[in-house]
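Student: Questions regarding the structure given below will be posed in turn.
The values are calculated or read from the model by the stated rules, or taken from the named source; none is laboratory data. Fair warning: this is a prediction, and the values are worked out from it, not measured in the lab. With ideal geometry, Cβ positions are generated from the backbone for all residues, glycine too; neighbour counts draw on all protein chains shown. All accessible areas refer to the heavy atoms of the entire protein, side chains included, with ligands and DNA or RNA removed. Shrake-Rupley method; radii C 1.70, N 1.55, O 1.52, S 1.80 Å.
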Amino acid sequence: MSADVPGAIVFFDREYIGEAPVRLSNVTPGRHQLNVSAEGYDGYSEPIEVQPGSAEIAVRFKEIH
């Protein structure tokens, strides 16, 4: 998982997993919740459907004015 703001805080299923970019392994296929936040930007929240295999998720933030 990457973000256009380095160091963005990443939560996966409400569990802190680190700062972007991060890599998750052994994720159970099915529906999960991704939340990413960075100071000065709108938070990002999205339910995602994880499929078997690997995938890349890239988050783009909207700057707060």
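Here is a yes/no grid of residues against (1) out of contact with any Leu (no Cβ under 8 Å at 6 or more places or on another chain); (2) small (Gly, Ala, Ser); (3) in a loop (DSSP other than H, G, I, E, B):
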position: Gly18; (1), (2), (3): yes, yes, no
position: Leu24; (1), (2), (3): yes, no, yes
position: Thr28; (1), (2), (3): yes, no, yes
position: Gln33; (1), (2), (3): yes, no, no
position: Val36; (1), (2), (3): yes, no, no
position: Glu39; (1), (2), (3): yes, no, yes
position: Pro47; (1), (2), (3): no, no, no
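Student: Checking Ser25 against (1) at pLDDT below 90; (2) within 9 Å of the chain's Cα centre (by Cα); (3) of a type in the set (Gly, Ala, Ser), which test does it fail?
Tutor: The one condition Ser25 does not meet is (2).
Student: Looking only at the range 12-48, how many residues end up being under 12 Å from Phe61 (Cα atoms), exposed (fewer than 15 other Cβ atoms within 10 Å of the Cβ) and not polar (S, T, N, Q)?
Tutor: Count: 4.
Student: Here's a follow-up. Consider only pairs whose beta carbons are under 7 Å apart and that are at least six residues apart or on different chains; among these, list those whose first residue lies in the range 1-25 and is at positive phi and whose second residue is loosely packed, with under 14 Cβ neighbours inside 10 Å.
Tutor: Every condition considered, the pairs that remain are Asp13/Gln33; Arg14/Gln33.
Student: Please count how many residues of the range 46-65 are over 19 Å from Phe11 (Cα atoms) and touching a residue at least 24 places away in the same chain (Cβ under 8 Å).
Tutor: From the range 46-65, those over 19 Å from Phe11 (Cα atoms) are 52-53, 63-65; that's our starting set.
Among the residues that remain, those that are also touching a residue at least 24 places away in the same chain (Cβ under 8 Å) are: 64.
Matching residues across the range 46-65 total 1.
Student: Could you look through the range 55-65, keep only residues that are in a loop (DSSP other than H, G, I, E, B), within 14 Å of Ser2 (Cα to Cα) and not aromatic (Phe, Trp, Tyr), and pick out the one that is most open to solvent (accessible area, probe 1.4 Å)? Write out each step before concluding.
Tutor: Filtering the range 55-65 for residues in a loop (DSSP other than H, G, I, E, B) gives 55-57, 60-62, 64-65.
Checking the rest, the ones that are also within 14 Å of Ser2 (Cα to Cα) come to 55-57, 60-61.
When the remaining residues are screened for being not aromatic (Phe, Trp, Tyr), the result is 55-57, 60.
Numbers: Ala55: 97, Glu56: 127, Ile57: 52, Arg60: 186 Å².
This residue is Arg60.
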